Every structure is written in C-alpha cells, then in structure tokens.
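Just so you know, all these numbers are worked out from the coordinates, no wet-lab data involved. Please read all numbers here as calculations on a predicted model, not as lab measurements. Cβ sites come from the backbone with ideal geometry, for glycine too, and all protein chains shown count toward neighbours.
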Amino acid sequence: MSVTAPKPSESGLTKCWVLFHNQAKKTFRSYDSSGRYTVDDPRAYGIRGLKKMVDRWGAKVVSKAILYDVASGLPIEQFQDGQWVPAQA
C-alpha cells in the first residue's frame with residue numbers, strides 16, 4: 001500500500017482569496033513545506049508563498065486579495081492598492 005502526501009488544497013494552513021480586475025475570483029491554499037528541506041515555521045512559510053504569488057501579479061492584475069487562517073477562518077492580511085495591510089476582522 002502506498003502512502004501519498006495530502007494535496008495543498010486539503011492540508012494548507014492558510015488560504016488566499018483573490019479577486020482579479022476581470023471580476024474572476026479564485027481561492028489558493030498554501031504549501032506549508034518545501035518538500036526538499038525542513039521548514040522551521042510551516043505557517044509563515046505558507047503565508048510568504050501566497051503573498052509572493054499575489055505580489056508577482058501585482059495591482060495591475062489583482063483587485064483585492066485576503067489571506068485567511070484555515071483553522072479559525074479569520075482574515076490575517078489583505079492586499080489592496082498594491083500593498084499588504086492588516087485585515088479588519
């Protein structure tokens with residue numbers, strides 16, 4: 001019997017809801033491990049990856065993005081006008 005690692009969509013500690021300028025909406029889950037080396041803080045690693053993804057697209061593509069903690073469902077940060085700011089709960 002083979003054992004496979006859970007998919008990020010099933011195991012991510014954080015998620016990012018993104019609203020694009022063309023009004024499309026998409027939710028992304030975090031990758032909380034490298035797969036090649038041990039990560040000291042999986043949650044911070046996952047958040048950094050999601051923020052990097054949105055930053056790459058930038059304000060020209062992304063209208064708004066909100067980072068959420070999956071366990072609590074509470075917002076962590078949001079991306080507006082090209083910068084990350086603390087989310088208002």
Can you give the net charge of the other residues whose Cβ lies under 13 Å from the Cβ of residue 83, counting K and R as +1 and D and E as -1?
-1
What spacing in nm lies between the two simple spin-label points modelled at residue 81 and residue 25, each 7 Å away from Cα in the Cβ direction?
2.4
Overall dimensions of the chain as given by Cα atoms, namely Rg and Dmax in Å
13.8, 49
Quick one: 69, 41, fewest Cβ neighbours within 10 Å first, how do they rank?
41, 69
Given the DSSP H assignment, sum -39500 (n - 2.57) over each helix run of at least 4 residues in the chain and divide by its residue total; what's the result at 222 nm in deg cm²/dmol, nearest 500?
-6500 deg cm²/dmol
Normalising by the residue count of the range 8-86, find the relative contact order in percent from Cα pairs under 8 Å and 6+ residues apart.
31
May I ask which residue of 23, 83, 44 lies farthest towards the positive end of the charge dipole of the range 8-86, with charges of +1 (Lys, Arg) and -1 (Asp, Glu) on Cβ and the Cα centre as origin?
23
